[in-house]
Structures are given as C-alpha cells and as structure tokens.
Amino acid sequence: MERTALAKDINLEKDDTVLEIGCGRGYFTIAAAQSAKRVIGLDQMDGFNRNGWWRNFREAVTELELKSKVSSLKADAQTIPLRDCAVNKVVAVHSIRNFQNRKTIRNSLLEMNRVLSADGEMIIAENIPVARNRLQEAHLAIYNCKCRYDLGDLFYFSQEELLEMFREAGLTKVQIKIADYNMSATPPIFYLNPSILKKKQLEKAQKEYGNAVEKIKRYGKASPPVAIVKANKHS
C-alpha cells in the first residue's frame, strides 16, 4: 500500500521506461508496473538476510502476470549494465540507506544520471528522521537501534542531506516533496547479535533495544514521513 501511494505521488506515466535501483523483493517494481510501460528492477541481493529475494521477486511478477512488463538485473548501482540514455525514469525507493556509504551513493547517482534520457527524471524516495506521532517515534527508536548495533543500514537522511547528495553529483533543478502516509514502509524489527558487539556495548544495546520494543508494543509502529526528491538529467 505504501509503495502504491509512492508510485502515484511520483507520477509515473503509461509510456515510461523505469529503472528501479535497489528493487529488493519488488514491492515498488510491482506498483510501478501498474502505471509504466516497462520496469527494470536492479539489485545485488548480496547478503544482509536477502537470500531468496530474487526468487520472491520473480515469483511475485509471475503470479501477478507482469512478466511482459518487468525484468530484473543483478548488478551494482555504481556500474549499471545499460547504455547511455536507456530509460526516462530512474527511481530509488527506500534503498540508498542500504548503500555502503555516502561515496557509494554519489557514484550511484552519477551512474543513474548516465542511463537517464535527455528529458528524463531521477527520483529518490527515503524516509526522513522526523516523527509526527507515537507510532513513528516507536519506529525511529528501533530503527536507530538497528543502525547502531546491526549491519546493512545507514541512518535516515535529513532533507538537507538528501539535497546535498544531489548537488554533489551535479544534478540540477532539484525538487523535494514530503509525503506522510503513516504506514509501514519497511519493518525495522531485528535481533541483536552479541557476536558483533563488545560486552560494554552489548549492555547499552540491550537496554536501548528493550526500550524501543516496549514502545512498539505500546503504540505500534509506522514509518516516518518520506522525502520524494526529483532531479532532471544533467548533461
């Protein structure tokens, strides 16, 4: 439901050829395929509990009879195996926070710009670290704990940080819109792994983790608002 709302707000059109960076199991890929002409899902699926995700992706696409509109690429976003100007929309939905670091994000933005057509548009959708209610506070509490004590996720970026990333990549005519769906965009629950934490750090992590779980039990959880950042092709 959250991905469907995002696809609507991104304004995908029936003639669009869309490349989705970090497609995961294909939630947004499937939502985008309801509107666009063709969607290409790109991901590495290289660990962090993502075993079997390509199978999930292909099974969902087959079951929903979208094989004629949806294809997949196993590749690094820093070296996209497509020709220049191959697509007119490149999107990354709840995925750049799974990249290794800011340098990786910058390199990926440059590569996304390369495969974008002259009149194309790049869109990044990411949750921001702002809570507007108790459910979102609970989500942020457990997600921040996950970023500190687990592997595979960066902290949510602020609006300013997202805009700065676009500027660093030389992208122009950048627009940003904030949408608050108050739905779950991604489950933040995880289990502490004592083997990757020092004893003193583990004690702190267990306390923080316990407090976050109690908030979820009491209030439930919903993802914080999402920033939808758009930029035109930069020559």
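The values are calculated or read from the model by the stated rules, or taken from the named source; none is laboratory data. None of these values were measured; they are calculated from a predicted model. Please note: Cβ atoms are built from the backbone with ideal geometry, for glycine as well, and neighbour counts cover all protein chains shown.
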Determine whether R83 is surrounded by fewer than 15 Cβ atoms within 10 Å (Cβ to Cβ) and either of a type outside the set (S, T, N, Q) or in contact (Cβ under 8 Å) with a residue 60 or more places away in the chain (or both). yes
Quick check: anything in the stretch 168-186 surrounded by 15 or more Cβ atoms within 10 Å (Cβ to Cβ), under 18 Å from the mean Cα position of the chain (by Cα) and over 21 Å from A7 (Cβ atoms)? no
Here's a check for you: in the stretch 179-235, which residue that is β-branched (V, I, T) and assigned to a loop (DSSP other than H, G, I, E, B) is modelled with the lowest pLDDT? I189
Of all residues in the stretch 172-227 being touching a residue at least 24 places away in the same chain (Cβ under 8 Å) and among the acidic types (D, E), the one that is farthest from L140 (Cα to Cα): D180
Mind telling me which of the residues L154, L163, L171 ends up being not in a loop (DSSP other than H, G, I, E, B) and not charged (D, E, K, R)? L163
Counted residues in the stretch 185-228 being polar (S, T, N, Q) and in contact with a His (Cβ under 8 Å, 6 or more places away or on another chain) come to 2
All positions within the stretch 212-235 that are surrounded by fewer than 22 Cβ atoms within 10 Å (Cβ to Cβ), among the hydroxyl-bearing types (S, T, Y) and touching a helix residue (DSSP H, G or I) at 6+ places or on another chain (Cβ under 6 Å): Y219
Condition (residue is among the β-branched types (V, I, T), more than 22 Å from L162 (Cα to Cα) and modelled with pLDDT of 95 or more) applied to the stretch 71-85: is it met by at least one residue? no
If only one of A60, A31, A77 is surrounded by 22 or more Cβ atoms within 10 Å (Cβ to Cβ), touching a residue at least 12 places away in the same chain (Cβ under 8 Å) and touching a Gly at 6+ places or on another chain (Cβ under 8 Å), which one is it? A77
Q159 being under 16 Å from the mean Cα position of the chain (by Cα), modelled with pLDDT of 90 or more, within 24 Å of A77 (Cα to Cα) and surrounded by fewer than 17 Cβ atoms within 10 Å (Cβ to Cβ): yes
If we ask which residues in the stretch 36-57 are in contact with an Asp or Glu (Cβ under 7 Å, 6 or more places away or on another chain) and surrounded by fewer than 18 Cβ atoms within 10 Å (Cβ to Cβ), their number turns out to be 2
Candidate set from the stretch 63-74 (those that are in contact (Cβ under 8 Å) with a residue 24 or more places away in the chain and of a type in the set (D, E, K, R)); member that is nearest to D43 (Cα to Cα): K74
For the stretch 97-120, which positions are modelled with pLDDT of 95 or more and either under 19 Å from S223 (Cβ atoms) or of a type in the set (D, E) (or both)? E111
The stretch 1-52, residues that are of a type outside the set (S, T, N, Q), more than 18 Å from L116 (Cα to Cα) and not in a loop (DSSP other than H, G, I, E, B): E2, R3, A5, L6, A7, K8, D9, Y27, F28, I30, A31, A33
So K103, is it crowded, with 19+ Cβ neighbours inside 10 Å and over 30 Å from G210 (Cα atoms): no
Taking the condition of being touching a Lys or Arg at 6+ places or on another chain (Cβ under 8 Å) and modelled with pLDDT under 95, how many residues in the stretch 28-42 meet it? 1
